[in-house]
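Read the structure below first, then the notes.
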Amino acid sequence: MIESSITFLPVSNLKETVRFYTEVVGLTVWKEMGSCIILSCNKGYWGFCQYDDGRPLASGVCMSLNCENTQQVDQEYQRLQSLGIKTQGAPARHPNFPVYSFFFADPDGYLLEFQKIVDEE
């Protein structure tokens, strides 16, 4: 019954957000809807909207992109480093979860993660 999902977040500058997510993160535009745009994450969608009603940006958000393996996580880290994107450290195994990942922020400060969920040892 459910075909897919879309998470919508408010942004301060839609044009800059689209540039960041397409040129830096590597997502593609799926649908443009005026002051909102939906980006494809392969098996899901992220929507970003620039509202003119004064609503605040979301807080406490972390959006994760799942990689096929830990080598891809490392490759994404190196790619972002070559683009001059500041990250919150190098890829590492999370101390509390079976995840290998690294974090960085988008232009509005939303936390992003490239990750690989790894089997428990």
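The values are calculated or read from the model by the stated rules, or taken from the named source; none is laboratory data. Since the model is a prediction, treat every value here as computed from it, not as a measurement. Methodologically, a virtual Cβ is constructed for each residue, glycine included, from the backbone with ideal geometry; neighbour enumeration extends over all protein chains shown.
Condition test on Asp119, is it more than 29 Å from Ile2 (Cα to Cα) and not assigned by TED's automatic domain parsing to the domain that holds Glu3?
Numbers: more than 29 Å from Ile2 (Cα to Cα): no; not assigned by TED's automatic domain parsing to the domain that holds Glu3: yes.
No: the conditions fail for Asp119.
Can you confirm whether Arg93 is of a type in the set (D, E, K, R) and either without any contact (Cβ under 8 Å) to a residue 24 or more places away in the chain or outside the structural domain of Val118 (by TED's automatic domain parsing) (or both)? Don't jump to the end; show me each part of the working.
Numbers: of a type in the set (D, E, K, R): yes; either without any contact (Cβ under 8 Å) to a residue 24 or more places away in the chain or outside the structural domain of Val118 (by TED's automatic domain parsing) (or both): no.
The answer is no for Arg93.
So is Gln88 over 11 Å from the mean Cα position of the chain (by Cα) and either free of Cβ contacts under 8 Å to residues at least 60 places away in the same chain or surrounded by fewer than 15 Cβ atoms within 10 Å (Cβ to Cβ) (or both) or not?
Numbers: over 11 Å from the mean Cα position of the chain (by Cα): yes; either free of Cβ contacts under 8 Å to residues at least 60 places away in the same chain or surrounded by fewer than 15 Cβ atoms within 10 Å (Cβ to Cβ) (or both): yes.
It is true that Gln88 is over 11 Å from the mean Cα position of the chain (by Cα) and either free of Cβ contacts under 8 Å to residues at least 60 places away in the same chain or surrounded by fewer than 15 Cβ atoms within 10 Å (Cβ to Cβ) (or both).
Hey, among the residues in region 102-112 that are buried (at least 18 other Cβ atoms within 10 Å of the Cβ) and not hydroxyl-bearing (Ser, Thr, Tyr), which one's nearest to the chain's Cα centre (by Cα)? Among those residues, the one meeting the criterion is Leu112.
Note on region 44-67: residues that are under 16 Å from the mean Cα position of the chain (by Cα) and in contact (Cβ under 8 Å) with a residue 24 or more places away in the chain total 15.
Of the set (1) in a loop (DSSP other than H, G, I, E, B); (2) touching a residue at least 24 places away in the same chain (Cβ under 8 Å), all apply to Glu3 but (2).
Where in region 22-110 are there strands (runs of 3 or more DSSP E), lying wholly inside it, with at least 2 residues that are under 21 Å from Ser5 (Cα atoms)? Spell out the reasoning first.
On the way: elements: 28-33, 36-40, 45-49, 62-66, 99-105.
It comes to 28-33, 36-40, 45-49, 62-66.
Taking each residue of region 18-29 that is not assigned by TED's automatic domain parsing to the domain that holds Gly44 and looking for partners that are assigned to a helix (DSSP H, G or I) and among the hydroxyl-bearing types (Ser, Thr, Tyr) with beta-carbon atoms closer than 9 Å, six or more apart or interchain, yields nothing.
Only one of the listed residues (Val73, Val25, Val61, Val99) is surrounded by 13 or more Cβ atoms within 10 Å (Cβ to Cβ), within 30 Å of Asp119 (Cα to Cα), at pLDDT below 95 and of a type in the set (A, V, I, L, M, F, W, C). That residue is Val61.
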